[in-house]
1. Taking all pairs of distinct Cα atoms, average 1/r, flip it, and tell me the Kirkwood hydrodynamic radius of the stretch 160-259 in Å to one decimal place.
2. In the structure displayed, which of Lys87/Lys206; Lys38/Lys111; Lys111/Lys227; Lys44/Lys111 lie more than 32 Å apart, Cα to Cα?
3. For a test of the definition: using alpha carbon positions, the gyration tensor, and the 1.5 limit on a/c, classify the chain as rounded, prolate or oblate.
4. Taking θ = phi - 60°, what integer Hz values does the Karplus form 6.51 cos²θ - 1.76 cosθ + 1.60 yield along the stretch 187-201, in sequence order, with x for Gly and Pro?
5. Taking θ as phi - 60°, what are the ³J(HN,Hα) couplings along the stretch 239-248 by the Karplus curve (6.51, -1.76, 1.60), each to the nearest whole Hz, with x for Gly and Pro?
6. Tell me, what HN-Hα J-couplings in whole Hz come from the Karplus equation 6.51 cos²θ - 1.76 cosθ + 1.60 at θ = phi - 60° for each residue of the stretch 10-22, using x for Gly and Pro?
7. If the chain between Lys190 and Thr13 were fully stretched, how many nm would it gain, using 0.36 nm times the residue separation less the Cα-Cα distance?
8. R0 = 45 Å: FRET efficiency of Asp253 with Glu113, Cβ-based, nearest 0.05?
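We did not get these values from a lab; they are worked out from the coordinates using the rules stated. For clarity, every value in this text was computed on a predicted model and none was experimentally measured. Quick reminder, even Gly has a Cβ in these numbers, built from the backbone with ideal geometry, and neighbours come from all protein chains shown.
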Amino acid sequence: MLKLFSSQVDEVTFEGRRFFIKRDDLLHHDFSGNKARKLYHFLKADLSAYRAIVSHGSIQSNAMYSLSVLAKRKGLSFIYYADHIPKLLRENPKGNYRHALKNGMQLRIGKPEAGAGELFISEGGAVKEAQKGIALLAAEIEQWADHTGFANPNVFLPSGTGTTALYLQKYSRFAIHTCSCVGDDDYLHKQFSQLEQSGYPHIIKKRKKYHFGKLYPELYELWQKLKVQTGIEFDLLYDPIGWQTLLQSSLNDPVLYIHQGGVLGNETMLERYRYKYS
Ligand SMILES: *Cc1c(COP(=O)(O)O)cnc(C)c1O
């Protein structure tokens with residue numbers, strides 16, 4: 001069985017302030033970050049009634065890669081639907097796409113459909129089953145707080161679908177703070193409401209609007225600064241927006257930042273940054 005769960009907490013100083021980092025990026029080589037938490041249920045479940053896992057979303061998504069690992073471990077086919085694939089990437093696979101292909105992913109362009117014997121997991125792993133693994137994350141955070149003696153740590157993590165933040169709040173006695181990275185705050189709120197009726201995490205408002213996946217020199221610089229000052233590589237899609245929002249917020253020490261993995265996707269992001277701004 002895959003040895004997963006739990007991850008360590010590191011203490012770092014960034015911009016002269018103390019932060020604690022929950023290193024979910026180190027959970028497992030193949031299966032890291034919040035996707036490992038979200039897919040934990042499926043990893044443990046008996047999926048022998050299925051012959052394939054079907055999902056959809058962006059061609060560089062971290063979830064896509066993690067699902068390819070899950071399918072491979074379970075001996076299932078993995079069919080992934082995307083709207084399109086850039087010609088360059090098709091000819092020269094990189095990052096999450098390359099690694100998912102190595103795991104046997106079958107890419108289809110178009111609208112997702114799943115038939116008999118196919119387990120459908122919606123985009124980004126935004127499913128109710130995700131709560132099982134996230135409940136474990138909540139328990140680890142409580143253990144850490146008990147151990148360190150922090151009565152009320154501020155827990156922060158950036159959101160995509162919001163599934164991780166939502167279920168973390170559901171299972172945690174601490175305040176969970178997040179910010180939207182894909183779409184705006186209304187979109188994030190809507191995403192919450194598709195999974196639960198109430199008990200939402202606190203959404204910290206961003207000062208500036210960012211288009212998800214677009215390149216912003218200031219975000220790249222922040223990512224670089226984080227790497228130099230903390231020695232930790234963060235993801236380039238969500239984390240710079242998360243840190244930017246966190247630094248501008250009024251959240252007080254102690255802050256626990258959840259590192260949700262995703263560094264495999266940095267290869268393509270870095271290439272785009274270098275190409276555009278070199
Ligand atoms: C998927 C992902 C997120 C977003 O997680 P949600 O549960 O969809 O909010 C954030 N950070 C990283 C690194 C991710 O891979």
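1. 14.3 Å
2. Going by Cα-Cα distance, Lys87/Lys206; Lys111/Lys227 fall outside the 32 Å limit.
3. oblate
4. 3J(HN,Hα) across the stretch 187-201, in whole Hz: 4, 5, 4, 4, 4, 4, 5, 6, 10, 9, 7, 7, x, 7, x.
5. Residue by residue, the stretch 239-248 yields 4, x, 5, x, 5, 4, 5, 4, 5, 8 Hz.
6. These are the phi-based 3J(HN,Hα) values: 9, 9, 10, 10, 9, 6, x, 10, 8, 9, 10, 10, 7 Hz.
7. Details: separation 177, 0.36 × 177 = 63.72 nm, distance 3.47 nm.
Difference between extended and current length: 60.3 nm.
8. The value I calculate is 0.35.
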